[in-house]
Amino acid sequence: MSNVIKPYGDATNDGKVQLSFTLPIEWSEAADEAARQLVAKMGFTDVQVVEGRKIATGFSFFVVYGSTSQSIDFATIKAPSAKTHAMSMEEIDAFVQEKLGRKIRIAGACIGTDAHTVGIDAILNMKGYKGDYGLERYHSFETFNLGSQIAVDDFVKFAKDHAIDALLASQVVTQKGSDIKNFTALAELLEAERLRDRVVLICGGPRVTNLMASELGYDAGFGRGTVPSEVAAFVATTLAGRLTPGGK
Amino acid sequence: MELQIDPGIVERCRELAASIVEPVGAFIAGHSTVAVERSVLRLLGVDGVAADEVPIPNLIVDALSADDRARGVAIAFGKGLAETGLEPRALGEAIAAGTCRLADFADVPEAAARGALQPFVKASLEKIRGRRAEREEKMSRLPQLPPPLLYVIVASGNIYEDRTAAVAAVEAGAQIIAVIRSTGQSLLDFVPFGPTTEGFGGTYATQENFRIMREALDEISEREGRYVMLTNYASGLCMPEIASMAALERLDMLLNDSMYGILFRDINMKRTFIDQHFSRMLNAYSGIIINTGEDNYLTTADAVEQAPAVLASQFINEEFAHRAGMPDRQIGLGDAYEISPDLQDGFLYQVAQAQLTRQIFPEAPLKYMPPTKHMTGDIFKGHLIDAMFNLTSVMTRQTIHLCGMLTEAIHTPFLGDRALSIENAQYIMNTARHFGDEITFKPGGTIERRAQAVLSDAEALLRKVADMGLMNAIEAAVFADVSRAPDGGRGFDGVFERAEGYWNPFEEALRGGPSSPLRSAQDDTGGRSAQNDKK
């Protein structure tokens, strides 16, 4: 069953979109017109430049509305979520005790030069995030938070030396694709060290999606808004699944 | 708009901070680091890179024998100057080219070394004084807008794009430009060389990049008729070197914290304590305002719970800064607006903390940092949270106001983001300019009780640290729940004990030693007022 949709302004299929951008020109009426024509060239109709002004010498800022002629069939969209096994901390602890009978050893780090530990701390620190306790508080996890700026080599060595079951790699800085480079380097090194199949490999960060993660060879990816129990449930069920013949 | 707080507790906090820092001061006095020695060379004018891009100051310090290093690079280098008759930069280049080695000059008498160095030490200090005088002249001729001073960051990775962004931000109303460093630079044990166009999440701090940005800001300052300040980072493994370069290139502010690198970058604590001291002596002399990093306690843990740690850290930072000769007006203590937007009355707690800091440190140019932790991809909500931050800042008379970006947590700011952010701040600060003068806090109300509780808890925390000793307290994870060992972390191999006869001519001069340029200009030596009250 198809489900063709367009953006909704105040009526079905009106296709209304708001845009804002800066052009490297001095503001004038011609600048407004340039903004309008540019947005029209993007395929928008009924384009209105609702705001245009100088923000610096040689730069103008615009707010523009338009209607898009494009639509999308939602029935064709596939973006699997890794957040499929909703479980509480207590349920996860009980599940791991029953299925694995030991603690899961999990290590997290901001890899490469990234110094922003906010994501990894939200998932691992006892305090947790949005009232959801972090993995340090779980009986079923032994947690190693390596912190920021951990070289990929060191992370892999740590995983090897400490018999880690699950690795969480975090990237907040995405400038010039540094996040993708670092994630890729980690996955490749784990392959080279023949560790890839022995660990649950997870990436996280505000710009990470599960789809992107699977393309990079990760078991899962967790983006903005993720709470610790979602990560814990994924790791627990994935490891348990691997113990089941034919499962992964 | 004043909170009722017990001045006795504030006084006790200061006494505790003094007793915490005192033993660390004794340790600092007996040690030096490779970064301190490299900054001595930089101050003398040694610059440039050798083969494989190794900076010449690193090359020279790394080549010293352990014995020579323990007596300070100045003596060994001074012997080279005496023997060759070269200027410092030329001698550095000759060493880099392999035409001579400092070890060749071991037999030169020490007195000759000191004699050969003195004119260059004097010239360097004169240059820094000149830079300071330039700033004072410009500030009086090109007055800044009233505080809170709007501070924005540029961080493209390319110094030339940063320059474009900075000039645009100044035209929009920015008063301070900070060039964020490339992520990871804090962990480099050297300072990169030359103009740079590649960086991640920021632009490398190099002396040439400092110069490029300073020139652009001086030009726009003249055009706008107000002096625009330039900020960089004296943190990480090269604190004193960055402070030297900043003094020479007339930067106006430096991020510089006595404990940040230890806790949040796993830099060795001894290294950090020694480096922060010498860098702050230089900052004091060059008139640079430091910005401390208490925002980090709030971004890495719960902001409501960490409030006393912020205040305790401010007292410790203040004490370390005073001991390096910094006056209050150069100590930009940090705080941040990081309480969860979901918490009912969170705004009241923010106001309590900001006002408490303002009252306890009345002369300090407080640095107020914007929400980052609770910013999401929702730019509309983010813009609103920033507005509340702006209101808090103007109400409580913060001095240095780091403008929050609606696109925080998405990307390093776009040119348009900065303009929107500055407009937000200008609107709020104009419409509520004298709001703080018009209202009083309800005695015994939520805000006042919160402030009193934070102050009491800070005193308790400082007492605990004083009882344990600062290094032990850090090891016991008293700050930010992070444990660091006294001999662990990055850069410990660059810490060494001073031998009998150790000499750092700049330290001696800045302390008010026999050759001090400060001697005549001050009544007391060292201490909290140092050279600073003569302005």
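Which whole number of Å³ per residue matches the convex hull of the alpha-carbon atoms in region B:298-435?
Considering the Cα atoms of region B:298-435, their hull volume per residue is 116 Å³.
What pairs in A:K54/B:K373; A:K6/A:K41; A:K103/A:K127 have C-alpha atoms more than 23 Å from each other?
Working: A:K54/B:K373 31 Å; A:K6/A:K41 19 Å; A:K103/A:K127 20 Å.
Check vs 23 Å cut-off fails for A:K54/B:K373.
Report the FRET efficiency, 1/(1 + (r/R0)^6), for A:D197 and B:N158, where r is their Cβ-Cβ distance and R0 is 25 Å, rounded to 0.05. Working shown, then result.
On the way: r = 41 Å, r/R0 = 1.65.
It comes to 0.05.
Going by average Cβ density within 10 Å per residue, which order do the peptides A:5-14, A:223-232, B:19-28 take, highest to lowest?
So the peptides A:5-14, A:223-232, B:19-28, ranked by packing, come out A:223-232, B:19-28, A:5-14.
Take the Cα atoms of region B:94-153, build their convex hull, and give its volume per residue in Å³. Show your work: numbers first, answer last.
Values: hull volume 10.8 nm³, N = 60.
Once divided by residue count, the hull of region B:94-153 is 181 Å³.
Of all DSSP beta bridges located in region A:89-243, what percent are antiparallel, nearest 5?
Approximately 5 percent, going by the DSSP bridge assignments.
Quick one: which of A:195-207, A:78-90 comes out on top by average Cβ neighbours within 10 Å, and what's the full order, highest first?
Ranked from most to least packed, the peptides come out as A:195-207, A:78-90.
Calculate the tail of P(r) for chain B: the fraction of all Cα-Cα distances greater than 32 Å, expressed in %.
Details: 60132 of 142845 pairs.
The share of Cα pairs beyond 32 Å in chain B comes to 42 percent.
Which FRET efficiency value, to the nearest 0.05, is calculated for A:K41 and B:L142 with the Förster distance at 41 angstrom and r the Cβ-Cβ distance?
Taking R0 as 41 Å, the efficiency between A:K41 and B:L142 is 0.40.
Over the alpha-carbon set of region B:45-123, work out the extent along each principal axis and list the three values in angstrom, largest first.
Extents along the principal axes: 35, 28, 20 Å.
Normalising by the residue count of region B:157-206, find the relative contact order in percent from Cα pairs under 8 Å and 6+ residues apart.
50 percent
Dividing the alpha-carbon Rg of region B:1-104 by 2.2 N^0.38 Å yields what?
Here the Cα radius of gyration is 1.65 times the empirical estimate.
Could you give me the radius of gyration and the Dmax of the protein assembly as shown, taking only the C-alpha atoms into account and expressing both in angstrom?
27.8, 93
How many Cβ atoms of partner chains, on average, are near each residue of B:178-191 if near means within 10 Å of its Cβ?
Values: counts 0, 0, 0, 0, 2, 12, 7, 2, 3, 4, 0, 0, 0, 0.
For this peptide, the per-residue mean of nearby foreign Cβ atoms is 2.
May I ask for the angle, rounded to the nearest 10°, between helix A:29-41 and the longest principal axis of chain A, with both axes built from Cα atoms and the value confined to 0 to 90°?
Relative to chain A, helix A:29-41 is tipped by roughly 60 degrees.
Please compute the net charge surrounding B:L91, taking Lys and Arg as +1 and Asp and Glu as -1 over other residues with Cβ under 13 Å from its Cβ.
Combined, the nearby Lys, Arg, Asp and Glu give -2.
When all alpha-carbon pairs of region A:141-190 are counted, what percent fall beyond 16 Å?
For region A:141-190, the fraction of Cα-Cα distances above 16 Å is 40 percent.
Peptide A:51-58: average number of partner chain Cβ atoms within 10 Å per residue?
5
Can you give me the P(r) profile for region B:206-364? Cα pairs, bins 10 angstrom wide beginning at 0, each as a whole percent.
11, 36, 32, 18, 3
Arrange the peptides B:131-144, B:72-85 so that the one whose residues have, on average, the most other Cβ atoms within 10 Å appears first.
Descending packing order for the listed peptides: B:72-85, B:131-144.
Taking the Cα centre as origin and putting +1 on Lys and Arg beta-carbons and -1 on Asp and Glu beta-carbons, what dipole magnitude results for the protein assembly as shown, to the nearest 20 debye?
180 debye
Counting just the Cα atoms, what span does region B:144-451 cover along each of its three principal axes? Round to the nearest Å and put the largest first.
55, 42, 35
Can you tell me the convex hull volume per residue for region A:37-193, based on C-alpha atoms, in Å³ to the nearest whole number?
Given the Cα convex hull of region A:37-193, per-residue volume reads 222 Å³.
Can you give the three extents of the C-alpha atoms in region A:4-73 along their principal axes, from longest to shortest, in whole Å?
Each principal axis gives a Cα extent; for region A:4-73 these are 44, 20, 16 Å.
Bear in mind that the values in this text are calculations on the coordinates, not laboratory data. Since this is a predicted model, take the numbers as computed values, not measurements. Note that we place each Cβ from the backbone using ideal geometry, even for glycine, and neighbour counts take in every protein chain shown.
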